[in-house]
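Structure first, commentary second.
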Amino acid sequence: MSETEPQHRYNAVLAGQIERRWQDRWQESGAFHAPNPAGPWAEPDKVGRRKKIMIQDMFPYPSGAGLHVGHPLGYIATDVFARYQRAAGRNVLYTLGYDAFGLPAEQYAVQTGQHPRKTTEENMGNMRRQLRQLGLSHDDRRSIVTIDPNYYRWTQWIFLQIYNAWYDPSAGRARPIGELVSAFESGAVPTPDGRAWADLSDEERRAAVDGHRLAYKSQSPVNWAPGLGTVVANEEVTAEGRTERGNFPVFKRNLPQWMMRITAYADRLIDDLDRLDWPESIKLQQRNWIGRSSGAAVRFAVDGSDHSIEVFTTRPDTIFGATFMVLAPEHPLVDAIVPSAWPEGTQGAWTEGAADPQAAVAAYRLATSRRSDLDRQTDGKVKTGVFTGAYAVNPVSGERVPVFIADYVLMGYGTGAVMSVPAEDPRDWAFAKAYDLPYRRTVQPGPDHDEDSAFTGTGPMINSSNERISLDGKDVGDAKADVIALLEADGTGRGTITYRLRDWLFSRQRYWGEPFPIVYDEDGVAHALPDSMLPVKLPEVADYSPKTYEPEDADSQPESPLSRASEWVEVELDLGDGPKKYRRETNTMPNWAGSCWYELRYLDPANEDVLVDPAVEEYWMGPGQGDGEGVVADPGGVDLYVGGSEHAVLHLLYARFWHKVLHDLGHVSSDEPFRRLFNQGMVQAFAFRDSRGYPVPAAEVEEHLDGERTTYTWQGKPVTREYGKMGKSLKNVVTPDQMCDEYGADTFRVYEMSMGPLDQSRPWETRAVVGAQRFLQRLWRNVVDEETGAARVVDDEPDSATNRLLHKTIDGVSRDYENLHFNTAVAKLIELNNAVTKLDAPPRAVMGPLVQMAAPLAPHIAEELWSALGHSQTMTDEPFPVADPQLLVDDTVTCVVQVMGKVRDRLQVPPGISAADLEVLARESEKALAAIGDGQIRKVIVRAPKLVNIVAS
RNA sequence: GCCCCCGUAGCCCAAUCGGCAGAGGCAGGCGACUUAAAAUCGCUCAAGUGCGGGUUCGAGUCCCGUCGGGGGCACCA
């Protein structure tokens, strides 16, 4: 620092001192503790009659790399909002915990050779430090951590709730498993093989019940990633068939794994999106992921066999155009229908050169199994397949159609079989062309349609009649209904709905996760542990690293690290029938588990008896509370949830599912966890590469204006600029720590909020941060004398223009805060502050409200200035200024007079002027008359008091 | 290939219902302070809204087409 700088200038050093002081005071006084109406923290007097609001950021993962300036964007935004809401009189629940189990934490620990708990806790400590210096107004008592046994005890408890529940489709909700037994007894729910409940053995009964649990163990095809050493959920596999984390190849393997019956909730998860205030893009992604489509299931009898093939189609109307069928190569019926020799009329291309159908099928299956999912998908349009030698009978037309297998039909969707209608389906068309199969149009294409392709549009039905039905001339919708009615009458099909959503694979072969509260007896039967045995603590083990394999080693076996902890695995327990030996479940839960319900624990983190006190949940998240007041069909939930859009179908879908189960079982009143979701944009950054393509430190690059062009150099040598994410490898990381050191946290906060709309991505530009600092310096100088440190404000009433500007600013800034338009709020505050700067002396009556308005954005300097203005208390609970509506209108307004839409004159008129008076004035305008010239006035549009447009010719 | 979002001064961004294109910031220019520089302060310059049509008295705003950028989905029957 220069010696000539005034002693009381608001610079980084002074800002730092102020910030630390206020952070300590806030913490010591518990300024941001939100009172609860009930439960262990009940403070009903403090809750009072205030309206509540719950504001929340997405659960952060404490990364080893620390934060860069992009990470706190959302946290600062929610903090500004929370501080504004407190000033506006609401009871604000705002906190931040840590999602600390899971793969990244474990991988970081393995890399550094340390225990995951140690690295995770260090990383959390570092992140807490980084965030504390930003002055976030979190209720620090509520900062829960998923790895805390007191927390994961409840994660395990919720697992047991889900395990001990079944979905009753007739009631449309989950019910306790005990009620399933009654339903079996009464026959309301049929047993697996239809026998009476009383006739089943104990074992059969247990299997029947287990078959309905919402958390169940199944032996089914799962995504095994040898390179990662664990199985992963469908949602964690990319379109290229690789793991989202680590980008390892994934193989479908039949393995015994825990699943969550999320598919039972498919309809509610789609339908309830309509009740949520979420970005449309996220809703769309969830709808796409769940992938509900309605159509028909149709049975085609296999010619000369007792078997029939069920297909799913969304276009039952086109059934007369089904000229062949295709099964997935893995379809279980294939072996049963393949004849020993090629039938009469088999075309050469259909056989792929095989001597008989069995050889052809075997060869094709082998070829398919060798292709990875990646190949199957990137080869895209090229259709391959082979004739099975079997024919099926179209149930409507009676036509015999050949049955193929082909890998463009997926076993995992619908029934794994399709009726192929080349004329109306591009995929079937491509296959028909490749194998010389016929097509028959059943929808009349438009005149512009290219005859050499499928027609997927709408039009009248054609070629679709027999002695029992005629669809010809009908539109597609009616035709669908008619066909379904016919199929249902015949018993050959029915209207049905299928989903793309699969059940959620819930177990991982990992150490760093929540253990399952499940043990197996000597017969291998799973038993749930009673609540009294929770938490099942994660044991200390010598080797916590996962067993990984060559990424392509598809035949390898997953191995849980916990299975090596034999002292922990082998236990003797009394589960009600005396002490017995059991083996613990050695898989752990995925890291999504802890984040599926954390918002609920924020509400009542000290409660030892229940996961959340019902009255507390009802108050903070219940339907009709807070922003849900007066909203039709309000589902309840967090009032504002801010985070990135990358969790569109993972966390946000899983959390909704768990919440709905808890709702059905009566544990929460809200139907959804997050009423309103807001996706903040990304802070991106420029990166620079030298002539060899290596990144150079972005902070050291110099910019040159070279005539029209801008060029960049590093150490005198030219470099090229690119735009993207901030990251170590691109050498363009800027950290909040640096910003706090160089400018102070308040400057950093104001800059981040002023960069642009919150939902937009924007480029980081360190040199522009000074603009925010200049604003705060000017604000400071309008209250404090830089030389003496004394207050400068005067008690004179502000002049009328300043006063009007103040009230307009109050009005505008309040609305901007309410709508998360922080960038425009900053601009309005700067404008008012600049206006005060131009006055001879800053009036207290303006600076007081201005400081209050700036407080959500720059809370530390605001508190300091608030003190300087003579207040002894923190301003946290000080009511936000209210605009006087009378001061929002000006004495006179400028009315523009247009002629043919072009501005020709400006008039000063009273704001309340009538349209008729204004028109008279405008018609008298000399400038307007001059513009009209010889023309005739045809029409005059008057928008009093701002505009008159004279239409002349 | 399909769907969604965004294109406004050199840059980041404003602009209720369609009604004077500019609120704010950065950079640039000029000036003040300074022995000088930085910091600070004051003043100032700057686009007709990617492009082409249309609707309208009037379009940044609505509609159609097109180009560019970003995101999502992608054999889902």
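Cross-link reach is defined here as a Cα-Cα straight distance under 20 Å, omitting same-chain residues fewer than 8 places apart; for A:LYS828 the lysines meeting it are A:LYS808, A:LYS838. Near A:PRO517, once Lys and Arg are set to +1 and Asp and Glu to -1 for all other residues with Cβ below 12 Å from its Cβ, the sum equals 0. According to the Cα-based calculation, Rg over Rh for region A:568-644 is 1.20, with Rh computed by the Kirkwood formula. If you take the Cα centroid of region A:489-530 and the Cα centroid of region A:424-480, the two points sit 41 Å apart.
Here the spin labels are modelled as points 7 Å beyond Cα on the Cα-Cβ line, and at A:ALA336 and A:MET900 they lie 8.2 nm apart. Of all the C-alpha pairs in chain A, what % are more than 43 Å from each other? Here the long-distance tail beyond 43 Å is 51 percent of all Cα pairs in chain A. Remark: spin-label model distance A:SER465-A:THR766 equals 7.9 nm, labels positioned 7 Å along the Cα→Cβ axis.
Each part gets one Cα centre, and for region A:73-128 versus region A:729-794 those centres are 23 Å apart. The Cβ shell under 13 Å around A:GLU28 holds other residues with a net charge of +1, Lys and Arg each +1, Asp and Glu each -1. The listed peptides A:211-218, A:566-573, A:430-437, A:462-469, ordered by packing as a protection proxy, come out as A:211-218, A:430-437, A:462-469, A:566-573 (highest mean of other Cβ atoms within 10 Å first).
Our summary gives chain A a relative contact order of 14 percent, counting only alpha carbon pairs under 8 angstrom and 6 or more residues apart. The string of couplings for region A:498-511 from the Karplus curve (6.51, -1.76, 1.60, θ = phi - 60°) is 10, 10, 7, 4, 10, 5, 8, 6, 10, 10, 9, 8, 9, 8 Hz, one whole number per residue in order, with x for Gly and Pro.
Could you work out how far the C-alpha centroid of region A:398-420 sits from that of region A:606-629, in angstrom? First find each Cα centre; the distance between them is then 50 Å. In chain A, the longest principal axis of the Cα atoms and the axis of helix A:915-924 are about 60 degrees apart. Rounded to the nearest 0.05, what FRET efficiency is calculated for A:ASN247 and A:THR824 with R0 set to 51 Å and r the Cβ-Cβ distance? Once the sixth-power term is evaluated, E becomes 0.80. Classify region A:293-498 as rounded, prolate or oblate, taking a ≥ b ≥ c as the square roots of the eigenvalues of its Cα gyration tensor: rounded when a/c is under 1.5, otherwise prolate if a/b is larger than b/c and oblate if not. It comes out prolate by the Cα gyration axes.
Subtracting the Cα-Cα distance of A:ALA367 and A:ASP267 from their residue separation scaled by 0.36 nm leaves 32.2 nm.
Note that region A:777-783 has calculated 3J(HN,Hα) couplings of 4, 5, 4, 4, 5, 6, 10 Hz, one per residue in order, obtained from phi through the Karplus relation 6.51 cos²θ - 1.76 cosθ + 1.60 (θ = phi - 60°); glycine and proline are x. Its DSSP H runs of at least 4 residues, each contributing -39,500 (n - 2.57), put the calculated 222 nm mean residue ellipticity of chain A at -9500 deg cm²/dmol, to the nearest 500. Taking 0.36 nm per intervening residue step and subtracting the Cα-Cα distance, what contour gain separates A:GLU203 from A:ARG141 on full extension? Value of the extension gain: 17.5 nm. Note on A:ASP450 and A:ASP934: the model spin-label points, each 7 Å out from Cα along the C-beta direction, lie 5.9 nm apart. Near A:ALA952, within a Cβ-to-Cβ distance under 10 Å, what is the net charge of the other residues, with Lys and Arg +1 and Asp and Glu -1? Net charge around A:ALA952: +1.
Shape of region A:1-127 from its Cα gyration tensor (a ≥ b ≥ c, root eigenvalues): rounded if a/c is under 1.5, otherwise prolate when a/b > b/c, or oblate? The shape class here is oblate.
Enumerate the residues in region A:759-790 having an amide nitrogen under 13 Å from the point lying 7 Å beyond the Cα of A:TYR723 toward its Cβ. Answer for this model: A:761-765.
Placing a label point 7 Å from the Cα of A:ALA171 along the Cα-to-Cβ direction, the residues of region A:631-672 whose backbone N falls under 12 Å of that point are A:664-666.
So if R0 is 56 Å, what FRET efficiency would A:GLN908 and A:THR711 give, r being the distance between their Cβ atoms, rounded to the nearest 0.05? Calculated value: 0.65.
Counting 0.36 nm for each residue step from A:ILE497 to A:LYS51 and taking away their Cα separation leaves a gain of 156.3 nm. Once you order the gyration tensor axes a ≥ b ≥ c over the Cα atoms, which shape class does region A:162-283 get: rounded for a/c under 1.5, otherwise prolate or oblate by comparing a/b with b/c? Because a/c hits 1.5 or more and a/b fails to exceed b/c, region A:162-283 counts as oblate. Answer with one residue from A:THR496, A:PHE775, A:GLY70: the one whose Cα lies farthest towards the positive end of the charge dipole of chain A, charges on Cβ with Lys, Arg +1 and Asp, Glu -1. Value computed over the given set: A:PHE775.
Do any of A:LYS252/A:LYS547; A:LYS902/A:LYS946; A:LYS902/A:LYS939; A:LYS217/A:LYS547; A:LYS537/A:LYS581; A:LYS283/A:LYS660 go past 20 Å between their Cα atoms, and which? From A:LYS252/A:LYS547; A:LYS902/A:LYS946; A:LYS902/A:LYS939; A:LYS217/A:LYS547; A:LYS537/A:LYS581; A:LYS283/A:LYS660, over 20 Å: A:LYS217/A:LYS547.
Per-residue 3J(HN,Hα) values for region A:730-737, derived from phi via the Karplus relation 6.51 cos²θ - 1.76 cosθ + 1.60 with θ = phi - 60°, read 8, 6, 10, 6, 10, 10, x, 4 Hz in sequence order (x marks Gly and Pro). Across the options A:ASN123, A:PRO460, A:ALA928, the greatest Cα extent toward the positive end of the charge dipole of chain A (unit charges at beta carbon of Lys, Arg, Asp, Glu) belongs to A:ALA928.
Sorting the segments A:729-737, A:342-350 by their residues' average number of neighbouring beta-carbon atoms within 10 angstrom, most packed first, yields A:729-737, A:342-350.
The numbers here are math on the coordinates, done by the rules we state, and not lab data. This structure is a prediction, so every number in the text was calculated from the model and none was measured. FYI the Cβ positions are ideal-geometry reconstructions off the backbone, even for glycines, and counts take in every protein chain you see.
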